[in-house]
Protein chains: 2
Amino acid sequence: MWRRDVRRFRSEPLPSGAVERLIDIACLSPSVGLSQPWRFVIVEAQARRRAVIENFKICNAKALQSYSGERAGHYAMLKLAGLEEAPGHLAVFAEKSSETGHGLGRMTMPETTEYSVVAAICSMWLAARAEGIGLGWVSILEPTGVSEILAVPRSWKFIGYLCLGYPDAEFDRPELERANWEHRRGGEQFTTRR
Amino acid sequence: MWRRDVRRFRSEPLPSGAVERLIDIACLSPSVGLSQPWRFVIVEAQARRRAVIENFKICNAKALQSYSGERAGHYAMLKLAGLEEAPGHLAVFAEKSSETGHGLGRMTMPETTEYSVVAAICSMWLAARAEGIGLGWVSILEPTGVSEILAVPRSWKFIGYLCLGYPDAEFDRPELERANWEHRRGGEQFTTRR
């Protein structure tokens, strides 16, 4: 059973219609008040892809500067995105001003709009894996910059940038665990009773 | 195939250990930088459960006041939570100040901490369904109030309150669609190309 977040892709393109089918499955996700706030941008233009990659490189260089000593050396060794190789680039946004769902469930927790989009990405993640497609979620990006590169409406909030493609290799442990960056803990360590 | 968000529960308790098992599965979710920021509070004390239900009732009454005319009448008819009947109450938080994962991936988008917790809830949602257990995510709550009722650390951000139990009935369409509150749209309506 390989892990979900994939950063090493084969360059082989995805079958025609694969991304659209994954988006259709994502749209079956639950959303707060049936607001369906997800907005998907299939990024095809090479110039836009390059600009996103530049955005990542700048953010990643800044992130590296925040570490020191051994941890910095370790960070520099990590592969944190598959943007260069992945045949599919998909940006995902949340429409904050949508009237769909008539605001139900969002009054005290407006952030449930963003959470609904995250749920849709998680559905897509599993659906992709069921077809042998890898998905990598890139968060080392400056959101305003990505929104500008992709020229999306101002009411769209950037949630995540997804790399899609066939995995170069399948691993059963998370990349950051294999790299000894961090280890996983069991549920009882995160559970309290009241 | 029944839908995921369940609001109508049988009072029959869940098997011993079921909630803990679902939490274990949730903790297998991907998280930003392996930060594992999820914090689960199994709410057992009747006084705390009652206080959460009161919080919901106040928020729901305020939400009703935000609608007028036919829409208000419609809102008042909706069943929006299963807090009274559900045998299991589980509150889920995000630990914003955790050092786990050494901050990786969170610098430009600190909200990915919350998103990781949402991903864990989505894993739990599907795992529950695979066992015939229904899960309902309640967002009509005032987050500060819930945190106070459950006496959690200040660095924990409230993400969602989950009702767990066996569903009273299984539906293949979302509750809000069956109630004609909102309808679902297909993926192509949410997709653009750049």
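Residues satisfying the criterion are absent from the range B:94-102 (criterion: on the phi > 0 side of the Ramachandran plot and modelled with pLDDT of 95 or more). The set of residues in the range A:154-194 that are of a type outside the set (S, T, N, Q), in a loop (DSSP other than H, G, I, E, B) and open to solvent by 60 Å² or more (accessible area, probe 1.4 Å) comprises A:Arg154, A:Asp168, A:Glu170, A:Phe171, A:Asp172, A:Arg173, A:His183, A:Arg184, A:Arg185, A:Arg194. When A:Phe93 is tested against (1) over 16 Å from the mean Cα position of the chain (by Cα); (2) surrounded by 14 or more Cβ atoms within 10 Å (Cβ to Cβ); (3) within 10 Å of another protein chain (Cβ to nearest Cβ); (4) closer than 22 Å to B:Glu111 by Cα, just one condition goes unmet, and that condition is (1). When you scan the range B:73-80, do you find a residue that is within 29 Å of B:Phe171 (Cβ to Cβ), part of a helix (DSSP H, G or I), modelled with pLDDT of 95 or more and among the hydroxyl-bearing types (Ser, Thr, Tyr), even just one? There is no residue in the range B:73-80 that is within 29 Å of B:Phe171 (Cβ to Cβ), part of a helix (DSSP H, G or I), modelled with pLDDT of 95 or more and among the hydroxyl-bearing types (Ser, Thr, Tyr). Can you name the residue in the range A:128-145 that is out of contact with any Asp or Glu (no Cβ under 9 Å at 6 or more places or on another chain), crowded, with 18+ Cβ neighbours inside 10 Å and more than 10 Å from chain B (Cβ to nearest Cβ) and is also nearest to A:His102 (Cα to Cα) among such residues? Applying the filter and picking the extreme gives A:Ala128. Just wondering, is there one or more residues in the range A:14-34 that are farther than 30 Å from B:Ala81 by Cβ, part of a helix (DSSP H, G or I) and open to solvent by 40 Å² or more (accessible area, probe 1.4 Å)? Yes: one or more hits. Scanning the range A:164-176 turns up no residue that is at pLDDT 95 or above and closer than 16 Å to B:Thr112 by Cβ.
Evaluate the range B:118-132: report whether one residue or more is of a type in the set (D, E, K, R) and assigned to a loop (DSSP other than H, G, I, E, B). Within the range B:118-132, one or more residues are of a type in the set (D, E, K, R) and assigned to a loop (DSSP other than H, G, I, E, B). Of all residues assigned to the range B:20-40, at least one qualifies as being more than 30 Å from A:Leu78 (Cβ to Cβ) and at the interface with chain A (Cβ under 7 Å from one of its Cβ atoms). In the range B:161-179, the residues that are closer than 11 Å to B:Arg8 by Cα and within 12 Å of chain A (Cβ to nearest Cβ) form Cβ pairs under 9 Å with partners that are assigned to a strand (DSSP E or B) and open to solvent by 20 Å² or more (accessible area, probe 1.4 Å), at six or more places apart or across chains, as follows: B:Glu175/B:Asp5. Determine, yes or no, whether A:Lys62 is assigned to a loop (DSSP other than H, G, I, E, B) and more than 30 Å from B:Trp181 (Cα to Cα). When the stated conditions are applied, A:Lys62 does not pass them. Could you check, for the range A:81-88, whether at least one of its residues is under 20 Å from the mean Cα position of the chain (by Cα), free of Cβ contacts under 8 Å to residues at least 40 places away in the same chain and surrounded by fewer than 20 Cβ atoms within 10 Å (Cβ to Cβ)? The answer is yes, given that some residue of the range A:81-88 is under 20 Å from the mean Cα position of the chain (by Cα), free of Cβ contacts under 8 Å to residues at least 40 places away in the same chain and surrounded by fewer than 20 Cβ atoms within 10 Å (Cβ to Cβ). Within the range A:96-126, the set of residues being at the interface with chain B (Cβ under 8 Å from one of its Cβ atoms) and open to solvent by 20 Å² or more (accessible area, probe 1.4 Å) comprises A:Thr100, A:His102, A:Gly103, A:Arg106, A:Met107, A:Thr108, A:Glu111, A:Leu126.
Take A:Arg48 and tell me if it is more than 30 Å from B:Ala179 (Cβ to Cβ), at pLDDT 95 or above and within 8 Å of another protein chain (Cβ to nearest Cβ). Considered against the rule, which asks whether it is more than 30 Å from B:Ala179 (Cβ to Cβ), at pLDDT 95 or above and within 8 Å of another protein chain (Cβ to nearest Cβ), A:Arg48 comes out as yes.
The values are calculated or read from the model by the stated rules, or taken from the named source; none is laboratory data. For clarity, every value in this text was computed on a predicted model and none was experimentally measured. Here the Cβ is made from the backbone with ideal geometry for all residues, glycine too, and neighbour counts use every protein chain on show. Just the protein is used for accessible areas: all its heavy atoms, side chains included, with ligands, DNA and RNA removed. Shrake-Rupley method; radii C 1.70, N 1.55, O 1.52, S 1.80 Å.
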